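A short write-up of the structure that comes next.
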Amino acid sequence: GIQVEQSPPDLILQEGANSTLRCNFSDSVNNLQWFHQNPWGQLINLFYIPSGTKQNGRLSATTVATERYSLLYISSSQTTDSGVYFCAVSSTSGTYKYIFGTGTRLKVLA
Amino acid sequence: SAVISQKPSRDICQRGTSLTIQCQVDSQVTMMFWYRQQPGQSLTLIATANQGSEATYESGFVIDKFPISRPNLTFSTLTVSNMSPEDSSIYLCSVTYLDMVYEQYFGPGTRLTVT
C-alpha cells in the first residue's frame, strides 16, 4: 500500500519563528488533507489540498502531486500551534479512505 | 461543519471486558470511519462503517474483536471486545459530508486505558 512519510519528526521553535513541514507519499493520490492534533487529542482540519496552493491566515500549504509531496508552512508561530501535524492521503477512487502520515510533533516555546 | 460527538470521552477498563463507543453526528453524512491511535503513534484505519450492513475492515482488524454497527446515517458504534492492555489507545470516528465528500472530519475521540 501507499507509504506516507513526514519530516521532520520533531520540531522545536521559538515563538515568532517560521517553519516548513513536509509530507512525501509513495504513489499518486486523489485526495490530501492536513490536520493539527492539539494537546487534548482533537484533530482539526487545516487544508484539503490534493494539488496547488492554499492559504489560511498564518498557515499555507502546497501540494505538488506529480512529484508526490506536500508542504505545510507555518509563519509567525504561536504557542497554540503546538501539537502534532498529520498529512493524510487517499489513493483509492470512490472509497475516500485516508492513510495517515507519521506526523510531525511541534513545540513552540514562549 | 456539523457537530460530531463521541461517548464516552475516556474510560478505564479491566482486561477481558468489552467497551462500546458511540459516535453521533447532528446531520446526515455519507461515510463513517473508525480509527485507532496507539500512544505516540499515527492514526490507523480500523474499518468503514456501512449503513445497514457489515462494516468493511482493514487488514489486521477483525469483526470479532471490533464489531461495528451503523443503524442509520448519523450514528455508529464501535465495540472493543475482550480487551487487553495493548488495546489502550484513542479511538476516533470520522465522517464525510454530502457536500464535501472528499474531506474527513473527526470526533473528539475516546481515550481508553485497559488495566
| Search result, residues across the range B:24-53 that are in a loop (DSSP other than H, G, I, E, B) and either touching a residue at least 12 places away in the same chain (Cβ under 8 Å) or open to solvent by less than 40 Å² (accessible area, probe 1.4 Å) (or both) | B:Asp26, B:Ser27, B:Gln28, B:Gln38, B:Pro39, B:Ser42, B:Asn50, B:Gln51, B:Gly52
| message | Looking only at residues that are open to solvent by 40 Å² or more (accessible area, probe 1.4 Å) and within 14 Å of chain B (Cβ to nearest Cβ) in the range A:66-92, which one is nearest to A:Leu106 (Cα to Cα)? | response | A:Ser91
| request: Please name all residue pairs, on different chains or six or more residues apart, with Cβ atoms under 6 Å, provided the first residue is in the range A:46-72 and is within 15 Å of B:Tyr102 (Cβ to Cβ) and the second residue is of a type in the set (Asp, Glu) and open to solvent by 30 Å² or more (accessible area, probe 1.4 Å). | output: A:Tyr48/B:Glu103
| remark: Note: among B:Leu73, B:Leu19, B:Leu43, just one is at pLDDT below 95 and among the aliphatic types (A, V, I, L, M), namely B:Leu73
| field | Of all residues in the range B:1-13 being within 11 Å of another protein chain (Cβ to nearest Cβ) and in a loop (DSSP other than H, G, I, E, B), the one that is most open to solvent (accessible area, probe 1.4 Å) | value | B:Ser1
| request: Assess whether B:Gly16 counts as being farther than 28 Å from A:Asn31 by Cα and surrounded by fewer than 18 Cβ atoms within 10 Å (Cβ to Cβ). | output: yes
| task | Select from the range A:93-110 the residues that are at positive phi and either open to solvent by 40 Å² or more (accessible area, probe 1.4 Å) or more than 13 Å from the chain's Cα centre (by Cα) (or both) and write down the one among them that is modelled with the highest pLDDT. | result | A:Tyr96
| query | Within the range A:24-65, how many residues are open to solvent by 40 Å² or more (accessible area, probe 1.4 Å), at the interface with another protein chain (Cβ under 10 Å from one of its Cβ atoms) and not in a strand (DSSP E or B)? | reply | 3
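The values are calculated or read from the model by the stated rules, or taken from the named source; none is laboratory data. Just so you know, these numbers come straight off a predicted model, no measurement behind them. In this analysis, Cβ positions are derived from the backbone assuming ideal geometry, glycine residues included, and neighbour counts consider all displayed protein chains. Just so you know, the surface numbers come from the protein's heavy atoms only, side chains and all, with ligands and any DNA or RNA stripped out. Shrake-Rupley method; radii C 1.70, N 1.55, O 1.52, S 1.80 Å.
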